[in-house]
Amino acid sequence: ERRERKRKLSKEMVEKATKELEKMQLQEKADIKYKEWLKKKRAEEAEKKKKEKEKEKEREAELQEKRTRAEKIFKEWLQNSRNKPQPALNDYGFPHGNSTGLY
């Protein structure tokens, strides 16, 4: 009877040890998978930030190009407007030289 108890006890201990070992292995696998997931997630975040920075740079470049183009056009307009002859002032106080409304 003692032997049987010892055998049962040792069998239980072995089962308990194997369960603990399996539990530890499962925990290790979970930790490894979590670390891989975290690494992947961080890489995705870095890629996303990089793309956002590139888009921001492109937007800034477009804005700068628009500004320089607008400035150039404005300078040309300013130069051309100086060279244009001024219209003669012959309206005698009336718009377009004609009276409007009541006489």
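What do you reckon, is Q27 at pLDDT 95 or above and part of a helix (DSSP H, G or I)? Yes: the conditions hold for Q27.
Among the listed residues E12, E62, E76, which satisfies the condition of being at pLDDT 95 or above and surrounded by 10 or more Cβ atoms within 10 Å (Cβ to Cβ)? Just one listed residue meets the conditions, E62.
The values are calculated or read from the model by the stated rules, or taken from the named source; none is laboratory data. Please read these numbers as outputs of a predicted model, since none were measured by experiment. Neighbour counts run over all protein chains shown; Cβ positions are idealised from the backbone, glycine included.
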